[in-house]
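The values are calculated or read from the model by the stated rules, or taken from the named source; none is laboratory data. For clarity, every value in this text was computed on a predicted model and none was experimentally measured. Please note: Cβ atoms are built from the backbone with ideal geometry, for glycine as well, and neighbour counts cover all protein chains shown. The protein model used for the area step is the full one, side chains on, heavy atoms only, and it has no ligands, DNA or RNA in it. Shrake-Rupley method; radii C 1.70, N 1.55, O 1.52, S 1.80 Å.
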Amino acid sequence: MVRRLADLAYFEHVSRFADRFCDLVGREGSWPPAGVAGAGSIREALWSKARRRKAVIVTDGLRLDLARLVADRLEGEVSLDAVATTLPTNTPFGMAALLPLPAEGPAVSFAGGKASISAGEVSGLETRDGRKAFLLRALGGPKGAGVGFVDLGALLQRQPVPESPLVVVF
(Lines give C-alpha, C1' and ligand atoms only; values in the text may rest on other atoms or scores of the structure.)
Protein backbone atom coordinates (compact mmCIF):
# COMPACT_ATOMS: atom_id res chain seq x y z
CA MET A 1 0.00 0.00 0.00
CA VAL A 2 2.77 2.45 0.93
CA ARG A 3 4.76 1.51 -2.19
CA ARG A 4 1.72 2.11 -4.41
CA LEU A 5 1.09 5.49 -2.77
CA ALA A 6 4.76 6.47 -3.26
CA ASP A 7 4.61 5.36 -6.92
CA LEU A 8 1.49 7.43 -7.53
CA ALA A 9 3.04 10.52 -5.93
CA TYR A 10 6.24 10.05 -7.94
CA PHE A 11 4.42 9.59 -11.26
CA GLU A 12 2.28 12.66 -10.55
CA HIS A 13 5.44 14.70 -9.86
CA VAL A 14 7.18 13.46 -13.03
CA SER A 15 4.07 14.16 -15.10
CA ARG A 16 3.85 17.75 -13.83
CA PHE A 17 7.57 18.27 -14.34
CA ALA A 18 7.38 16.94 -17.91
CA ASP A 19 4.44 19.23 -18.67
CA ARG A 20 6.30 22.28 -17.34
CA PHE A 21 9.44 21.31 -19.24
CA CYS A 22 7.51 20.95 -22.52
CA ASP A 23 5.83 24.30 -21.89
CA LEU A 24 9.24 25.93 -21.36
CA VAL A 25 10.70 24.48 -24.56
CA GLY A 26 7.59 25.46 -26.52
CA ARG A 27 7.57 28.98 -25.12
CA GLU A 28 11.29 29.57 -25.71
CA GLY A 29 11.20 28.10 -29.22
CA SER A 30 14.78 26.91 -28.87
CA TRP A 31 17.04 25.03 -26.50
CA PRO A 32 18.68 25.83 -24.16
CA PRO A 33 16.61 28.72 -22.79
CA ALA A 34 18.03 32.24 -23.03
CA GLY A 35 20.69 32.83 -20.39
CA VAL A 36 21.48 29.14 -19.89
CA ALA A 37 24.76 27.72 -21.21
CA GLY A 38 24.29 24.72 -23.50
CA ALA A 39 26.50 21.69 -23.99
CA GLY A 40 28.08 23.28 -27.05
CA SER A 41 29.45 26.10 -24.90
CA ILE A 42 32.15 23.82 -23.46
CA ARG A 43 33.50 22.65 -26.85
CA GLU A 44 36.30 25.20 -26.80
CA ALA A 45 37.43 24.12 -23.32
CA LEU A 46 37.41 20.51 -24.46
CA TRP A 47 39.34 20.87 -27.69
CA SER A 48 41.42 24.06 -27.55
CA LYS A 49 45.14 23.64 -27.60
CA ALA A 50 46.55 24.13 -24.14
CA ARG A 51 50.06 25.20 -23.21
CA ARG A 52 50.17 22.41 -20.70
CA ARG A 53 48.37 19.12 -20.30
CA LYS A 54 44.81 19.40 -19.08
CA ALA A 55 41.94 17.13 -18.21
CA VAL A 56 38.27 17.74 -18.82
CA ILE A 57 35.77 15.52 -17.05
CA VAL A 58 32.24 15.42 -18.42
CA THR A 59 29.72 13.97 -15.98
CA ASP A 60 25.97 13.67 -15.76
CA GLY A 61 24.37 16.69 -14.09
CA LEU A 62 22.57 14.42 -11.71
CA ARG A 63 26.03 13.57 -10.39
CA LEU A 64 27.16 17.12 -9.78
CA ASP A 65 27.95 15.97 -6.24
CA LEU A 66 30.47 13.47 -7.65
CA ALA A 67 31.98 16.14 -9.89
CA ARG A 68 32.45 18.40 -6.86
CA LEU A 69 34.17 15.60 -4.92
CA VAL A 70 36.55 14.93 -7.83
CA ALA A 71 37.27 18.64 -8.26
CA ASP A 72 38.04 18.97 -4.54
CA ARG A 73 40.66 16.21 -4.83
CA LEU A 74 42.43 17.59 -7.90
CA GLU A 75 45.50 19.76 -7.61
CA GLY A 76 46.19 22.83 -9.67
CA GLU A 77 43.68 25.04 -11.42
CA VAL A 78 40.21 23.48 -11.30
CA SER A 79 36.93 24.87 -12.56
CA LEU A 80 33.50 23.30 -12.43
CA ASP A 81 30.89 24.49 -14.88
CA ALA A 82 27.30 23.30 -15.29
CA VAL A 83 25.66 23.38 -18.72
CA ALA A 84 22.28 22.28 -20.05
CA THR A 85 22.20 19.03 -21.95
CA THR A 86 21.07 18.58 -25.52
CA LEU A 87 17.59 17.68 -26.62
CA PRO A 88 17.05 14.80 -26.93
CA THR A 89 19.00 14.02 -23.80
CA ASN A 90 20.23 10.55 -24.70
CA THR A 91 23.94 9.76 -24.92
CA PRO A 92 24.43 9.68 -28.72
CA PHE A 93 23.16 13.26 -29.10
CA GLY A 94 24.85 14.57 -25.96
CA MET A 95 28.26 13.10 -26.76
CA ALA A 96 28.09 14.17 -30.42
CA ALA A 97 27.26 17.73 -29.31
CA LEU A 98 30.57 17.90 -27.43
CA LEU A 99 32.70 17.07 -30.48
CA PRO A 100 34.66 19.80 -32.31
CA LEU A 101 31.95 20.01 -34.94
CA PRO A 102 32.08 22.05 -38.14
CA ALA A 103 30.11 25.30 -38.16
CA GLU A 104 27.13 23.67 -39.85
CA GLY A 105 26.91 21.16 -37.00
CA PRO A 106 26.00 17.51 -37.26
CA ALA A 107 23.50 15.97 -39.66
CA VAL A 108 20.87 13.71 -38.14
CA SER A 109 18.89 11.08 -40.00
CA PHE A 110 16.09 8.88 -38.67
CA ALA A 111 16.04 6.51 -41.64
CA GLY A 112 14.98 3.04 -40.59
CA GLY A 113 13.61 4.33 -37.30
CA LYS A 114 17.03 4.75 -35.67
CA ALA A 115 19.03 7.96 -35.28
CA SER A 116 22.19 8.28 -37.33
CA ILE A 117 24.50 11.24 -36.70
CA SER A 118 27.25 12.41 -39.06
CA ALA A 119 29.53 15.40 -39.49
CA GLY A 120 31.59 16.11 -42.55
CA GLU A 121 32.75 12.83 -44.06
CA VAL A 122 32.40 10.86 -40.82
CA SER A 123 29.19 9.04 -40.00
CA GLY A 124 28.23 6.94 -37.01
CA LEU A 125 28.72 9.65 -34.37
CA GLU A 126 25.95 7.99 -32.40
CA THR A 127 28.49 5.26 -31.52
CA ARG A 128 31.68 5.44 -29.50
CA ASP A 129 33.70 4.11 -32.46
CA GLY A 130 32.16 6.75 -34.72
CA ARG A 131 33.09 9.51 -32.27
CA LYS A 132 36.64 8.13 -32.07
CA ALA A 133 36.92 8.11 -35.88
CA PHE A 134 35.66 11.69 -35.99
CA LEU A 135 38.19 12.85 -33.37
CA LEU A 136 41.05 11.09 -35.13
CA ARG A 137 40.12 12.83 -38.37
CA ALA A 138 39.41 16.25 -36.82
CA LEU A 139 42.26 16.46 -34.31
CA GLY A 140 44.66 13.60 -34.79
CA GLY A 141 46.81 14.91 -37.57
CA PRO A 142 48.44 12.42 -39.92
CA LYS A 143 47.10 8.94 -39.19
CA GLY A 144 45.53 10.14 -35.93
CA ALA A 145 48.89 10.27 -34.17
CA GLY A 146 47.93 13.20 -31.93
CA VAL A 147 44.99 11.53 -30.13
CA GLY A 148 44.94 8.65 -27.67
CA PHE A 149 41.90 6.89 -26.25
CA VAL A 150 41.34 4.98 -23.03
CA ASP A 151 38.29 3.73 -21.17
CA LEU A 152 37.67 4.99 -17.64
CA GLY A 153 37.39 1.41 -16.39
CA ALA A 154 40.85 0.65 -17.75
CA LEU A 155 42.30 3.73 -16.04
CA LEU A 156 40.74 2.66 -12.76
CA GLN A 157 42.48 -0.70 -13.24
CA ARG A 158 45.74 1.26 -13.52
CA GLN A 159 46.18 0.97 -17.29
CA PRO A 160 48.75 3.58 -18.33
CA VAL A 161 47.53 6.85 -19.80
CA PRO A 162 48.43 7.11 -23.50
CA GLU A 163 51.42 9.37 -24.20
CA SER A 164 49.69 11.33 -26.95
CA PRO A 165 49.23 15.11 -26.61
CA LEU A 166 45.46 14.69 -26.42
CA VAL A 167 43.91 11.86 -24.40
CA VAL A 168 40.17 11.20 -24.60
CA VAL A 169 38.72 9.10 -21.78
CA PHE A 170 35.47 7.28 -22.44
Exercise. Could you please find all residues in the range 96-111 being outside any loop (DSSP other than H, G, I, E, B) and farther than 17 Å from Glu44 by Cβ?
Key: Ala107, Val108, Ser109, Ala111
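Report whether or not Asp129 is modelled with pLDDT of 80 or more, under 17 Å from the mean Cα position of the chain (by Cα) and more than 23 Å from Gly40 (Cβ to Cβ).
no
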Quiz prompt | The lone exception for Pro162 - which of (1) free of Cβ contacts under 8 Å to residues at least 12 places away in the same chain; (2) more than 18 Å from Leu99 (Cβ to Cβ); (3) touching a strand residue (DSSP E or B) at 6+ places or on another chain (Cβ under 9 Å) it fails | solution = (1)
Exercise. Those residues that are part of a loop (DSSP other than H, G, I, E, B) and either in contact (Cβ under 8 Å) with a residue 24 or more places away in the chain or open to solvent by less than 50 Å² (accessible area, probe 1.4 Å) (or both), I need them from the range 142-159; list them, please.
Key: Gly146
Quiz item: Looking at the range 119-139, which of its residues are over 12 Å from Met95 (Cα atoms), touching a residue at least 12 places away in the same chain (Cβ under 8 Å) and not in a helix (DSSP H, G or I)?
Solution: Ala119, Gly120, Glu121, Val122
